[in-house]
Structure formats: C-alpha cells, structure tokens
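Chemist: The structure's right below; bear with me while I get my questions together.
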Amino acid sequence: MSIDHDRLFKELLTTFFREVMELFFPKAHALIDYTNTRFLTQEVITDITAGDKHYVDILAEVKVKGEDGCVLVHIEPQAYRQADFARRMFIRCCPSPSLPMTVRQKKPTGMK
C-alpha cells in the first residue's frame, strides 16, 4: 500500500499551522491573530507569464492583531531542491494578494 506523504505533510502543516509559524516565522507569528484562521482549499493561481494554472498547496487566511483586514499566508512545501523555486513562487504569487514565504535549511558547517 502506497503512503501519500504529500497529503500527510500538508495535513501536519495545517493541523500545527500556529506552531509552524512560531518555529519558522517568529516575527510573522507574533503579529497573527489565530482565532479565525481559515484554510482556503484548492485555490488556483494563474501564471500570467506562461498562461498556466497552478493549485496552491496551503493557503491560510489570517487576521493581523489589531487590524480589520486579513492576510493570506501561502505555504508551498517541496521535498527537493529546485534552482528556480524562488522565481517560480514569485511568478505564481505576485498576481495574487498572497506573499511567498519559503523556508531554507542551511547545510551544517563543513558539508558540501
């Protein structure tokens, strides 16, 4: 039986969204009011440069503490290194009101 790791990882990220934000984005975490967090499913972002449509992995609508409006947090997990990932995310996200957030893990000192 095949395990759907992608689905399981997305489920972990949505279940522990607050903790993920606190761990990886502590400054953003401090500004977010999590009481009305809403996950938007199967949102489509159109790549206007290539005319392609892409589905967002995780898109959360959150409130900012003390503000009336909301902010969209877009998380796009990826298991492998891709040279143009930041550019691809920028192109996908800029037509939408969400901001791309990427997590990069630094290699330990001495590793090539």
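Chemist: In whole Hz, what ³J(HN,Hα) sequence does region 22-30 give by Karplus (6.51, -1.76, 1.60; θ = phi - 60°), x for Gly and Pro?
Modeler: Going residue by residue, I get 5, 6, 9, 9, x, 5, 5, 4, 5 Hz, with x marking Gly and Pro.
Chemist: Search the structure for amide H atoms under 5 Å from the amide H of Asp33, placed 1.01 Å from N in the peptide plane, and list their residues when 5 or more places away or on another chain.
Modeler: Under 5 Å from the amide H of Asp33 lie the amide H atoms of Lys63, Val64, Lys65, each far enough along the sequence or on another chain.
Chemist: Count the net charge of all other residues whose Cβ sits under 12 Å from the Cβ of Asp6, scoring Lys and Arg as +1 and Asp and Glu as -1.
Modeler: Working: positive: Arg7, Lys10; negative: Asp4, Glu11, Asp57, Glu76.
Summing Lys/Arg as +1 and Asp/Glu as -1 gives -2.
Chemist: Please compute the length gained on full extension between Val64 and Glu19, using 0.36 nm multiplied by the number of residues separating them and subtracting their Cα-Cα distance.
Modeler: Gain on extension, Val64 to Glu19, equals 14.6 nm.
Chemist: Here's something else I'd like to know. Among Leu13, Leu40, Leu8, which comes first, second and so on when ranked by fewest other beta-carbon atoms within 10 Å? If you can, show how the numbers build up before the last one.
Modeler: Values: Leu13 18, Leu40 13, Leu8 10.
Sorted ascending by nearby Cβ count, the order is Leu8, Leu40, Leu13.
Chemist: Once you put a point 7 Å from the Cα of Lys10 and another 7 Å from the Cα of Asp57, both along the Cβ direction, what distance in nm separates them?
Modeler: Once both label points are built, they end up 1.0 nm from each other.
FYI, it's all coordinate maths here, none of it is from the lab. Since the structure is predicted, the reported quantities are computational estimates derived from the model, not experimental observations. Every residue, glycine among them, receives a Cβ derived from its backbone with ideal geometry; neighbour counts consider all protein chains shown.
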